[in-house]
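Everything below concerns the one structure shown next.
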Amino acid sequence: MSDAVTKTLCPYCGVGCGLEVVAGAKVRGDRAHPSSLGMVCVKGATVLEALDKDRLLYPLYRASLDQPFARISWDAALDLIVERIRQVLHTTGPDGLCLYGSGQWQTEDYYVAQKLVKGCLGTNNFDTNSRLCMSSAVAAYTASFGSDGPPCCYADLEHTDCAFLIGTNTAECHPIVFNRLRQHHKKHSHVKLVVVDPRRTATAAVADLHLAIRPGSDIYLLHGIAHLLIAWDVIDHRFIAQHTTGFAPYQQIVKKYHPQLVADACGIDPAALVQAAQWWAESQAVLSLWSMGINQSREGTAKAQSLINLHLLTGQIGKPGAGPFSLTGQPNAMGGRETGGLAHLLPGYRWVTNPDHRREVETHWQLPPGSISPQPGRTAWQIIEGLETGAVQMLWIAATNPAVSLPHLERVKAALARSPFTVYQDCYFPTETSAYAHLLLPCAQWGEKTGTMTNSERRVTLCQAFRAPPGEAKADWEIFAEVGRRLGFAQQFAFHTSAEVFAEFAALTQGRPCDLSGMSHERLARLGPLQWPCPAGCTDAAARQDKRLYTDHRFLTPDGRAHFGLADALGVAEVPDDEYPLVLTTGRLYGHWHTQTRTGRIPKIQQMHPQPFVEIHPSDAERWGITDGALITVTSRRGTVQLPAKVTPDIAPGTLFTPMHWGALWHPSAAANALTHPAACPTSQQPELKACAVRIAAATPPPAAKTPERPPSDPAPATGPTRESRQEPPL
Ligand code: SF4
């Protein structure tokens, strides 16, 4: 083993902290990384500990879900895939094929998968778990500015006078971004921190103003602030006149949002609304941050646009410390956006519905005109619906765990069980989703393959390998490329290294908003992480600079102006009623990542968060006769879970909160998505995972300890460490 220091990126959240791995055995923050400046949270600090736990080492196959898996060769596994693809193309056509990928992928994985599915197989049925994460932000930026792309950079955290955080528990979910912001806040007494969240989170606890609004009332609040800014005439008339369209109809909409109406809808004091608007008006630079609390909503795009509207109203964009900043959940959700990793996108911030974009990509890929379908493909939920109807005949899932992360889990599991042929490629085994696979493919993970990732501030980092993949695991891009070659596309997949893949992708971004054509693996290794835009030919000094978008206030819409979003508030899709009188909201904890596939196998994190829980306000606990720690049943129209109650004033009356990390592998009855519904934003198709109507009852008697759900035939891992490393969380 080399004792060299390997520079890489943390593979968890979208903050994208730089890491250094010493001798392949110790991890520390990379002080030279401009995004994180050497800081790292508990997830990044412990990431090495899961590398050798429960790894899937060889391809495994079974003809049906009631049979045990058996080891097969890669050659046989790839033949099975190619044979099934040909069969589905012949019988059902391209719409029968679906790939569901992941923001955990490196950019190179995304790109080769795109080329295979959208280019060579002729279907846009390629969606990723980013659909559940930030597709509303993509849609909102595009509608408001003419293109996706967060306009801010992390340096803005240290330039702002007023940070307005809505729908983001930044302290727990994006800890190093919050660390930077909090240090600035503590150092400068004039800097205001406003947090909008139904819970008194760790983020809200240190805010100057916490607006504990009702779930789903965000647009009331945002339009209420706009109403006051216009009424006080503290808006930027010059910016509005010269750089925006849609102000007049927007003004008509927000006229209705009087402070008392807003306060009643949000469940807050009108004085708190006035205070938030005053700080927005008085500050030289307002930076808003948002995340899943805005995006995961049936009006997610409208919410994000309503927030962007406030920046347009006050000219708070394109200058240091200001702008609407969406924080991405996953480490390479941004790389997914750049490579076209959603069912309506193509690489380079292009659209499948745009004939010029299709032609440009087909030419680059040396494919005949018409190879790329003009129809947007199936989104994550539409894949489930396709399985239900039989339209989807082959599902390929990679690096994600939909049997925990999608809403309405019973319906999802039933649909997955109907799939005629499911390929599942992942690093770990078992996961909840492996129960529904016919063919398992072992993948190289973080540290075992070299590639790039882009973080929330558009900064691309080269993540270097420092160890070989275990067993027969391969990089995802290598698997997709080999399938492409076996299907007859040798020329399209003649890659030998991930550097070659990146070079081809970067060239395709030339002249696009996300221009990375001035980047290469070699240059990223030499200069360190770089932000885009980074056009070909830019000097090293220019490449290294911090970059904000829209500093000239020219936007990427056809008229060059930013567009006000014109939406009224709708509220949540499932309104509480007599039968289901409470609203359940879901979220994340500091230590865990998503469905625990990695963090569940790290003892320190299991000890930090030993069991799931449901937060309930003392007044609701009293009404239902629930005491702190008692087991309660939470029921929605779709399912039931049983969880220990955490009675706390930190949650608003009428609202419950439970973390989303516990799937069936880690607890017998705690999956938050057993309760959630699939109603989604009509523009972004992002499901409303943040709010559903539920009822509660004391659970008697407590459920007997159960063996976590496993497929009847799931064996222990073929080789390597078994699940001894996993601790059963006590009830
Ligand atoms: Fe990793 Fe995010 Fe923690 Fe940084 S803040 S170390 S990227 S999990």
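Only beta bridges with both residues in segment 153-321 are counted; by DSSP, about 0 percent of them are antiparallel. Volume of the convex hull of segment 5-50 (Cα atoms only), normalised per residue: 58 Å³.
Expressed as a whole percent, the accessible area of the chain that falls on carbon and sulfur atoms is 52 (1.4 Å probe). Cα centroids of segment 179-211 and segment 379-450: 39 Å apart.
Let me have the 222 nm mean residue ellipticity of the chain computed from DSSP H runs of 4+ only, each contributing -39500 (n - 2.57), with the sum over all residues rounded to the nearest 500. Spell out each step's value before the answer.
Numbers: 24 runs with 217 residues, N = 731.
Calculated mean residue ellipticity at 222 nm is -8500 deg cm²/dmol.
Treating cross-link reach as a plain straight distance, find the aspartates and glutamates whose alpha-carbon is under 16 Å from the alpha-carbon of Lys26, omitting any fewer than eight places away in the same chain. Filter leaves Asp3, Glu49, Asp52, Glu448.
Taking amide H atoms as placed 1.01 Å from N in the peptide plane, the amide H of Ile397 lies under 5 Å from those of Tyr100, Val423, Tyr424, Gln425, each 5 or more residues away in sequence or on another chain.
If Lys and Arg each add +1 and Asp and Glu each add -1, what is the summed charge of the other residues whose beta carbon sits under 11 Å from the beta carbon of Gln242? Working shown, then result.
Working: positive: Arg238, Arg554, Arg561; negative: Asp236.
Local charge sum for Gln242: +2.
Working note: Karplus 6.51/-1.76/1.60 with θ = phi - 60° gives segment 443-449 the couplings 10, 5, 10, 3, x, 10, 8 Hz, where Gly and Pro are set to x.
Packing order of peptides 288-301, 634-647, 215-228, 673-686, highest average first: 288-301, 215-228, 673-686, 634-647 (average count of other Cβ atoms within 10 Å over each peptide's residues).
Assuming a viscosity of 1.567 mPa s and a temperature of 4 °C, what translational diffusion coefficient in µm² per second does Stokes-Einstein assign to segment 556-636, Rh being the Kirkwood radius over Cα pairs? Could the numbers behind the result be given before it?
Details: Rh = 17.3 Å.
D = 75 µm²/s.
For segment 519-584 versus segment 96-124, the spacing of their alpha-carbon centroids is 22 Å. Taken over the Cα atoms of segment 487-603, the convex hull encloses 318 Å³ per residue.
Using the heavy atoms of the protein chains alone and a 1.4 angstrom probe, what is the accessible area of segment 388-535 per residue in square angstrom? Show your work: numbers first, answer last.
On the way: 3910 Å² over 148 residues.
Accessible area per residue, segment 388-535: 26 Å².
Beta bridges per DSSP, both residues in the chain: antiparallel share near 45 percent. For the chain, the residue among Gly390, Ser217, Ala276 whose Cα projects farthest onto the positive side of the dipole built from Cβ charges is Ala276.
Of the beta bridges DSSP finds with both residues in segment 582-698, what % are antiparallel, to the nearest 5? Walk me through the intermediate numbers first.
Working: 15 of 23 bridges.
Antiparallel bridges make up about 65 percent of those DSSP assigns within segment 582-698.
Pair-distance distribution of segment 303-357: all C-alpha pairs, bin width 5 Å, starting at 0; shares per bin in whole percent are 5, 17, 16, 14, 20, 19, 9, 1.
Quick check on packing: order 194-202, 101-109 by the mean number of other C-beta atoms within 10 Å, highest mean leading.
Details: 194-202: 23.7, 101-109: 29.1.
Final packing ranking: 101-109, 194-202.
By the gyration tensor of its Cα atoms, with a ≥ b ≥ c the square roots of the eigenvalues, what is the shape of segment 582-698: rounded for a/c under 1.5, prolate for a/b over b/c, or oblate? Since a/c reaches 1.5 but b/c is at least a/b, the shape of segment 582-698 is classed as oblate.
Taking only protein heavy atoms into account and a 1.4 Å probe, give the accessible area per residue of segment 582-698 in Å².
On the way: 3450 Å² over 117 residues.
I get 29 Å² per residue for this part.
For the chain, a crude dipole built from +1 on the beta carbon of Lys and Arg and -1 on the beta carbon of Asp and Glu, taken about the Cα centre, is about 600 debye to the nearest 20. Equivalent-ellipsoid semi-axes for the chain (Cα gyration tensor, √(5λ), whole Å, largest first): 37, 32, 25.
Taking amide hydrogens as placed 1.01 Å from N in the peptide plane, the amide H of Thr328 sits under 5 Å from those of Ser456, each at least 5 positions away in sequence or on another chain. Taking 24 Å as the straight-line reach from the Cα of Lys186, the lysines in range (excluding those fewer than 8 positions away in the same chain) are Lys319.
Evaluated at q = 0.10, 0.21 Å⁻¹, the base-10 log of the normalised Debye intensity for segment 230-370, with identical point scatterers placed on the Cα atoms, takes the values -0.50, -1.37. Per residue, segment 1-79 exposes an accessible area of 40 Å² to a 1.4 Å probe, with every protein chain left in place. Shown here: segment 153-321, whose C-alpha atoms stretch 39, 33, 28 Å along the first, second and third principal axes, sorted largest to smallest.
May I ask for the net charge around Cys133, where only other residues with Cβ less than 14 Å from the Cβ of Cys133 are counted and Lys, Arg are +1 while Asp, Glu are -1? Working shown, then result.
Details: positive: Arg131, Arg337, Arg588, Lys690; negative: Asp127, Asp148, Glu688.
Residues close to Cys133 contribute a combined charge of +1.
What net charge is computed for the residues neighbouring Gly38, neighbours being all others with C-beta under 14 Å from the C-beta of Gly38, Lys and Arg scored +1, Asp and Glu -1? The answer is +2.
The share of Cα pairs per 5 Å bin across segment 271-333, counted from zero up to the longest distance, runs 4, 16, 23, 22, 21, 10, 3, 1, 0 percent.
The values are calculated or read from the model by the stated rules, or taken from the named source; none is laboratory data. Here the structure is a predicted model, which is why all the values come from computation and not from measurement. Backbone-built Cβ (ideal geometry, glycine too); neighbour counts: all protein chains shown. Protein only, heavy atoms only, side chains kept; ligands, DNA and RNA dropped before computing areas. Shrake-Rupley method; radii C 1.70, N 1.55, O 1.52, S 1.80 Å.
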